[in-house]
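Only one structure is covered here, and it is reproduced in the block below.
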Amino acid sequence: MRKPLVAGNWKMHGTRSENASLLTQLLDRLPEAPAADLMVCPPFVYLWETGRMLKDTDVALGAQSVCAEPLGAFTGEISGSMLLDVGCRYVLVGHSERRQLYGESDALVARKFLATQAQGLTPVLCVGETLEERESGRTTQVVERQLEAVLSVSGVAALGNAVIAYEPVWAIGTGKTASPEQAQEVHAFIRERLKNLYGSAAEEIRILYGGSVTPENVEILMACKDVNGGLVGGASLKSDSFAKLVCYKKEK
Ligand code: PGA
């Protein structure tokens with residue numbers, strides 16, 4: 001059965017020395033057998049150094065984004081092969097901040113998903129509705145559209161090497177976490193869609209919840225049947241809170 005994954009998205013935070021002390025303290029606080037796999041996603045410029053610090057640990061390295069193109073004249077961009085070269089295993093694609101602040105369309109997210117998998121890296125595909133979309137009853141419609149945009153170009157087999165993250169936009173960085181019922185409802189919807197396409201193998205796909213996850217609410221969220229880990233922003237920037245996130249006990 002899949003092991004949950006807890007991923008820390010550092011966004012545009014940190015300095016070399018802050019990262020070093022965060023990681024040292026985090027590694028110190030981790031139990032020998034954490035309840036979840038762990039991953040951190042530092043800003044691009046810190047990937048290499050962070051990867052060195054994580055060498056011989058069980059903490060995986062992830063990137064926050066990737067260029068859809070493999071190489072060439074794309075000033076300011078970072079390719080999938082570069083991410084692989086510096087030791088990444090995962091890449092976040094379609095985070096709502098990329099969609100909303102940098103205009104990433106469903107089509108571009110799909111190309112980034114493919115660019116990630118082309119390097120053997122695992123994409124963490126982020127989906128989720130805005131408050132306005134939720135309030136107008138369009139949550140599942142939006143999530144389905146975001147999923148379909150990727151699966152229609154990647155093919156269903158691509159699910160074998162992918163993680164999905166449901167992140168309601170209204171819950172990100174706001175302190176307003178989705179209730180376990182709200183999270184489970186959308187996670188179950190995603191699982192059902194994946195099962196329709198992928199059959200029983202869909203049970204193995206990790207669907208993370210993201211949006212104001214904290215040590216206080218992690219256990220109740222992770223106890224939801226279809227929640228298989230978390231994508232964590234703010235609470236991943238402090239070693240004590242991040243360490244606590246991987247030590248929760250999942251109820252049977
Ligand atoms: P948050 O961010 O935990 O600070 O809400 C989550 C995310 O954006 O992935």
Requested in this report: Would you kindly calculate the mean projected area, averaged across all directions, of the convex hull enclosing the Cα atoms of the chain, in square nanometres?
Outcome: 12.7 nm²
Report task. Please give the direction-averaged projected area of the C-alpha convex hull for the range 191-252, in square nanometres with one decimal. Result -> 4.5 nm²
Query raised in the report: Expressed in whole Å with the largest first, what are the equivalent ellipsoid semi-axes of the range 1-109 derived from the C-alpha gyration tensor as the square root of 5 times each eigenvalue?
Result: 26, 16, 13
Query raised in the report: Say each of VAL86 and THR57 gets a label point 7 Å from the Cα, pointing the same way as Cα to Cβ; how far apart are those two points in nm?
Result: 1.7 nm
Report task. Would you mind working out the magnitude of the charge dipole of the range 37-144 relative to its Cα centre, with +1 at each Lys and Arg C-beta and -1 at each Asp and Glu C-beta, to the nearest 20 Debye? Result -> 200 debye
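Using the Kirkwood radius over Cα pairs, work out the Stokes-Einstein diffusion coefficient for the range 160-214 at 25 °C and 0.890 mPa s, in µm²/s as a whole number.
208 µm²/s
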Report summary line: Exposure proxy check on ASP106, ASP56, ASP28, ASP85: fewest-to-most Cβ neighbours within 10 Å is ASP56, ASP28, ASP85, ASP106
Report summary line: Only helices counted: for the chain, with every DSSP H run of 4 or more residues adding -39500 (n - 2.57) and the sum spread over all residues, [θ] at 222 nm is -11500 deg cm²/dmol
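Quick one: HIS187, HIS13, HIS95, fewest Cβ neighbours within 10 Å first, how do they rank?
HIS13, HIS187, HIS95
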Report summary line: Note, the range 111-126: 3J(HN,Hα) by Karplus (6.51, -1.76, 1.60, θ = phi - 60°), whole Hz, Gly/Pro = x, goes 5, 5, 4, 5, 4, 5, 5, 4, 9, x, 8, 9, x, 9, 7, 8
Query raised in the report: For TYR198, TYR166, what ranking results if the residue with the fewest other Cβ atoms within 10 Å of its Cβ goes first?
Result: TYR198, TYR166
Query raised in the report: So, in nm, how far is label ASN161 from label TRP48 when the simple model puts each one 7 Å beyond its Cα toward the Cβ?
Result: 2.5 nm
Query - Student exercise, the chain dipole from Lys, Arg, Asp, Glu Cβ charges, in Debye to nearest 20 - result: 260 debye
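Quick note: the coordinates plus some simple rules give every number you see, no bench work behind them. As the structure is a prediction and not an experimental result, all values here were calculated from the model. Cβ: placed from backbone, ideal geometry, glycine included. Neighbour counts: every protein chain shown.
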